[in-house]
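Since every read-out is calculated from the coordinates, none of them should be taken as a lab result. The structure presented is a predicted model; accordingly, all values stated were derived computationally and were not measured. Every residue, glycine among them, receives a Cβ derived from its backbone with ideal geometry; neighbour counts consider all protein chains shown.
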Amino acid sequence: MSENCLMQVNQFLTFKLDEEIFALDIGKVREVLDFTTVTKVPQAPDFMRGLINLRGTVVPIVDLRLKLALPRTEKTVNTCIIITEVEVEGETLVLGAMVDSVQEVLDLEPEQIEPPPRIGVKLNTDFIRGMGKRAGEFIILLDIDFVFSSAELSIAQGFKEEPLAA
């Protein structure tokens, strides 16, 4: 494989939400944590589950299922929090995404990635980077920078400035 071909391989962290497999660009993932206690924030949107203390840093936690209009995530032994970096108006926000389970790190060649689907004019699919294909199944490749609106991310940014309850 030439050096140019190596540069085109995309690595993704795959995870499950409901019965579907999703993936995030590995470059956006800081770490994966087992589910932990989340401090609830009054009047937060439903998909904002609360805050965690990650080695002294306040990190907002979102239920990715709720954000993507799926049923609420119920805690199981496999529930994880993916700590990810989201770009907000030129700044990086650290955010935790609650998922059913983390699967694997997956390499996809460019020919294994289809463009995002066009599903009519009323459905916004900007948050879908593409559709990965592997062994006859699709993997929805999310662009985490577009999953949330700037207003929603402003709320999350505000949370990180709030002190955690003891």
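Here are some notes:
- Net charge dipole, region 32-87: roughly 160 debye, given to the nearest 20, about the Cα centre with Cβ charges of +1 for Lys and Arg and -1 for Asp and Glu.
- When you work out D = kT/(6 pi eta Rh) for region 11-160 at 4 °C and 1.567 mPa s, using the Kirkwood radius from C-alpha pairs as Rh and the Stokes-Einstein form, the result is 82 µm²/s.
- Under Stokes-Einstein, with the Kirkwood radius over Cα pairs as Rh, the value for region 74-117 at 25 °C and 0.890 mPa s is 184 µm²/s.
- Relative contact order [Cα under 8 Å, 6+ residues apart], region 11-160, whole percent: 26 percent
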